[in-house]
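S.K.: Got a structure here, written out as structure tokens. Questions coming.
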Amino acid sequence: MPAALKQFTDTYLMWNEGYLIWISDILIALTSIGIVATLTYFKKWKWLWKEWLTSVDHKRIGIMYLIAALLMMFRGGADAMLLRTQLASPNSHFLTAEHYDQIFTTHGTIMILFMAMPMIFAMFNIVVPLQIGARDVAFPYLNAISFWLFFFGAMLFNISFVFGGSPDAGWVSYPPLTELGFDKGPGENFYLLSLQISGIGSIATGINFLATILKMRAPGMKLMRMPLFTWSVVAASIVIIFAFPALTIALALLMLDRIVGTHFFTMLHGGDPMMFVNLFWIWGHPEVYIVVLPAFGVFSEVVATFARKRIFGYTSMVASLLLISVISYFVWAHHFFTMGAGADVNTFFAVASMMVAIPTGVKVFNWLFTMFRGRISFELPMLWTLAFVPNFIIGGATGVMLAVAPADYQYHNSYFLIAHFHQVLIAGPVFGLIAGMYFWWPKMFGFKLDEKIGRIAFWLFNIGFYVCFMPQYALGFKGMQRRMYTYPAGMGWHTLNLISTIGAYIMGLGFLFIVVQIVYSIKYGERDLTGDPWNGRTLEWSLPSPAPHYNFAVIPTVTDRDMLWVMKQEGREGELRRINPDAIADIHMPKNSGRPFLMGLAFFVAGFGFVFNWYVLAVIGLVGVALTMILRAFEWDDEYHILAEEVREVEAALGRL
């Protein structure tokens, strides 16, 4: 091999790092060839561009978010398998220390920012406009931009695994470890730029959905008539809008330190690394609530639907959602009680951290009271909801233990903390969003996911969850610290680590059964011919499955909370499901556009250029971003009308006239 080529393969393709990289390269190449060959063979390139890549339809954007989230769950889960394999036995050298650091960095970052965030945005897009009686979101074009910024940000982050090298400073990326003096490789640049690109899309999504809910509700849908899932989106959007700018600032300052040579976080030059830590956690702890609040909304919808009862304490549920969104801003310093801030500061944040458990407890009790004496149907969404309750109680109780500042000196950075935040972040967002996926899957695709395979996946995942994380509480008490890539044989940790690793593999098997369930159900799943497979309560279940492009032929007038359920009890649900042809008028809709996709691609090019300090490439990307913005500014013909006659034909074919 020529010397220049060898230098390129070793420096950028990292072929000198061993078989994990080689296998990854081969799998990526084969997958890419398979996708291109399939699209070419079935002549689907035009269909892909016109129907998906250029779509501004909130339902299709939601489905793309969902697909991306499931792919990222696979990637993050594969990282977890590698970590647990390394820790299954003492003195293991399955991974080197450097590889271990890279993998736990990418695992945490992917699971929180590139799996949980797109999963909640999938639910936002798929559900909210249908629940509030809207035809789309307030800013459809911006919605598409948000998705493609997330997508290309995730692509930029994931490409680091096989090109240039992954970040290795942990998902929190604290300086001074991440300053150039200690971390010269491109991995940290991948982290900083990918998170900033996707973060722009996240802020835009928060603004978009808050505006949608406040301004686009159906006539008569007052705020206190909104479904609780929609309320959870309001609360999460508020947190997104005020929390994500802190992360954006922190990452931008650190990027300037690395690329331009500033010293915001370099102590010897007047900087302060604790400023980054504070900015990061001013975002970081609200981020926990950003991903868990929509899960609470899902649980509220699922419990009411499958218990066949109106949710207990609706007003207190709304108040607790909003209270959590406010208190979430006053707890960030509990992540560094040990940093020496002083007793007064620690006491304030300890009390605030305990207080946030109160509105959370209100919600759990309200769900239990809703289920009390209900006619509960144990379908898959309800099973995942029930599994959440004991898990989250354990996670909440251990969270209160961690909130006790003096005790935190013992727990801090131990495996007790690892077990706690996985207990909360898996039992909350993951269980909730899987429940939501099962619940609204028929509305997205027109068929239910297979119940039998789903139950196998449910039990495997839940049993594996307990087997994996319960031993980690004990490991923390035994003194095992996080971020240890190996440990000596005499510490008494081997058995517990081995059990934990077995549990992780059982969870991985459960996820594979979910994949099998989806593939099997595409062909054999029960078709939803009614639009209401769960005997639902809210407006989305009054529509056919999947919903038409325009959602509602006639925007409904809302007179009560749980509008569809109330009309069912009064024998009037036909008023929502049978449309008067004379009431149908032309429908105003946004046109599809390829510019959001091209803008995301331009951001990717710019980010890739900055990662390696290839400034010509970076400037080309930024010019592309500016060009797409300018073209949009001068675009006037961005809307069209669906004629009333066309709407009548669609509704007649659906049997709704």
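The values are calculated or read from the model by the stated rules, or taken from the named source; none is laboratory data. Note that the coordinates shown come from a computational prediction; the quantities given were computed from them, not determined experimentally. Cβ: placed from backbone, ideal geometry, glycine included. Neighbour counts: every protein chain shown.
S.K.: For Gly531, state whether it is closer than 27 Å to Leu71 by Cβ, crowded, with 20+ Cβ neighbours inside 10 Å and of a type outside the set (A, V, I, L, M, F, W, C).
M.R.: No; evaluated as a whole, the condition is false for this residue.
S.K.: Here is a further query. Among the listed residues Lys6, Lys43, identify the single one that is out of contact with any strand residue (DSSP E or B) (no Cβ under 7 Å at 6 or more places or on another chain), outside any helix (DSSP H, G or I) and over 30 Å from Phe139 (Cβ atoms).
M.R.: Working: Lys6 fails: outside any helix (DSSP H, G or I).
Going through Lys6, Lys43 in turn, just one is out of contact with any strand residue (DSSP E or B) (no Cβ under 7 Å at 6 or more places or on another chain), outside any helix (DSSP H, G or I) and over 30 Å from Phe139 (Cβ atoms): Lys43.
One line per residue, one yes/no per condition, for (1) touching a Pro at 6+ places or on another chain (Cβ under 9 Å); (2) buried (at least 24 other Cβ atoms within 10 Å of the Cβ); (3) within 30 Å of Asp257 (Cα to Cα):
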| position | (1), (2), (3) |
| --- | --- |
| Ala116 | yes, yes, yes |
| Val137 | yes, yes, no |
| Phe147 | yes, yes, yes |
| Phe150 | yes, yes, yes |
| Leu156 | no, yes, yes |
| Gly164 | yes, no, yes |
| Tyr174 | yes, no, yes |
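S.K.: For the range 616-637: of the residues being touching a helix residue (DSSP H, G or I) at 6+ places or on another chain (Cβ under 7 Å) and either in contact (Cβ under 8 Å) with a residue 24 or more places away in the chain or of a type in the set (S, T, N, Q) (or both), which is surrounded by the fewest Cβ atoms within 10 Å (Cβ to Cβ)?
M.R.: This residue is Leu631.
S.K.: Please identify the pairs in which a residue from the range 248-275 that is in contact (Cβ under 8 Å) with a residue 60 or more places away in the chain and surrounded by 19 or more Cβ atoms within 10 Å (Cβ to Cβ) has its Cβ atom under 7 Å from the Cβ atom of a residue that is charged (D, E, K, R) and part of a helix (DSSP H, G or I), counting only partners at least 6 apart or on another chain.
M.R.: Once the first residue is in contact (Cβ under 8 Å) with a residue 60 or more places away in the chain and surrounded by 19 or more Cβ atoms within 10 Å (Cβ to Cβ) and sits in the range 248-275, its partners that are charged (D, E, K, R) and part of a helix (DSSP H, G or I) give Arg258/Glu188; Phe265/Asp257.
S.K.: I'm checking my understanding of the structure. Among residues of the range 329-366 that are of a type in the set (Gly, Ala, Ser) and in a helix (DSSP H, G or I), which one is nearest to Arg561 (Cα to Cα)?
M.R.: This residue is Gly361.
S.K.: Is there a residue in the range 263-286 that is among the charged types (D, E, K, R), at pLDDT below 95 and assigned to a helix (DSSP H, G or I)?
M.R.: no
S.K.: Quick check on Val326: is it surrounded by fewer than 18 Cβ atoms within 10 Å (Cβ to Cβ), under 27 Å from the mean Cα position of the chain (by Cα) and part of a helix (DSSP H, G or I)?
M.R.: yes
S.K.: Now, a different point. Filtering the range 377-434 down to residues that are polar (S, T, N, Q) and crowded, with 24+ Cβ neighbours inside 10 Å, which residue is nearest to Phe296 (Cα to Cα)?
M.R.: Once the filter is applied, the top-ranked residue is Thr385.
S.K.: Would you mind stating whether Val362 is surrounded by fewer than 20 Cβ atoms within 10 Å (Cβ to Cβ) and more than 28 Å from Tyr174 (Cβ to Cβ)?
M.R.: Judged against the criteria, Val362 is a match.
S.K.: Something else now. Report, ordered by the first and then the second residue, all pairs with beta carbons closer than 6 Å, sequence separation of six or more or different chains, a first member in the range 537-559 that is under 22 Å from Val302 (Cα atoms), and a second member that is among the acidic types (Asp, Glu) and part of a loop (DSSP other than H, G, I, E, B).
M.R.: Matching pairs, first to second residue: Arg537/Asp562; Trp541/Asp532; Ser545/Asp528.
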